[in-house]
Amino acid sequence: FFFVAVAIGMAWPFAVVYAKQVYRQADNVILLYTVAGNVGAILMGLLSRLLIDRLGAKPLYVFFSAFLAVSVLPMAISPHMATVGPIIFLTAIFFFFQLGSIGVQNAAQNYFFAIISPDEFLNLGIVYNLFFGIGGAFGSLIGGALLDLFRTLGVSTVAADFRVFYLAIFLLMVVLFLFIARLKNVGQYTVRNAFN
């Protein structure tokens, strides 16, 4: 979970920089993208409310971690677009990234609370939030350092720098997905049965 927080901390803060530098979006338009991201988070809440009691936390943890990995892949591709294309593209990215990242956090919290006894809930809540905060801060620090390194080397364009940056995050999420999928099953269904 700490490394998932690192990946989110790397990806999310620099999505705004990505929109500004790669697609030359104005600040007021980027604000609308963040609203689209919040709508994605709200949709995640509705999905979780409907599914978590029926499927259990682990299948949703696996689903949202895969969803999070796939949501950064378009930023690794960064297709060249003009006119309305960037607006639609970035709105979708912000929407799906927030849906995936908040979904991972929610499902992870439910999963970890399901595998401990109720008298340990307070301790887990403290450790969970501490690890998420440290992981997010560490991810932001690493992300900023990597982007500065790319800029200092001056080997490629800004768009290419972000492509490599988000490709690295995608690969990190794929590795983390493999670990998440191997967690022990708790709740109603195994991952395989939940998606059949």
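The values are calculated or read from the model by the stated rules, or taken from the named source; none is laboratory data. Since the structure is predicted, the reported quantities are computational estimates derived from the model, not experimental observations. With ideal geometry, Cβ positions are generated from the backbone for all residues, glycine too; neighbour counts draw on all protein chains shown. To get the accessible areas, we keep the full protein, side chains included, count just its heavy atoms, and leave off ligands, DNA and RNA. Shrake-Rupley method; radii C 1.70, N 1.55, O 1.52, S 1.80 Å.
Below is a table of values for the structure above.
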{"item": "At least 15 Å along the helix axis (C-alpha) and Kyte average at least 1.6, DSSP helices within the chain", "result": "57-77, 158-181"}
{"item": "Structure-based [θ]222 nm, the chain - -39500 (n - 2.57) summed over DSSP H runs of at least 4, per residue, nearest 500", "result": "-28500 deg cm²/dmol"}
{"item": "With all protein chains modelled, accessible area of Met173 [1.4 Å, Å²]", "result": "0"}
{"item": "Net dipole in debye of the chain [+1 Lys, Arg Cβ; -1 Asp, Glu Cβ; about Cα centre; nearest 20]", "result": "380"}
{"item": "Where Lys184, Lys20, Lys58 fall by accessible area, highest first, once all protein chains stay in place (1.4 Å)", "result": "Lys184, Lys20, Lys58"}
{"item": "Cα gyration tensor category, rounded, prolate or oblate, for the range 74-157 with a/c compared to 1.5", "result": "oblate"}
{"item": "Contour minus Cα-Cα distance for Leu47 and Val127 (0.36 nm per residue)", "result": "26.2 nm"}
{"item": "Accessible area, probe 1.4 Å, largest first, for residues Phe113, Phe89, Phe64", "result": "Phe113, Phe89, Phe64"}
{"item": "Overall form of the range 6-106 per C-alpha gyration tensor (a/c, 1.5; a/b vs b/c)", "result": "prolate"}
{"item": "Farthest positive-ward along the chain dipole, Cα basis, beta-carbon charges - from Val4, Pro74, Leu90", "result": "Pro74"}
{"item": "Exposure of Leu47 as accessible area (Å², to 10), given a probe of 1.4 Å and all protein chains", "result": "60"}
{"item": "Thr83 - accessible surface, heavy atoms, 1.4 Å probe, Å² rounded to 10", "result": "130"}
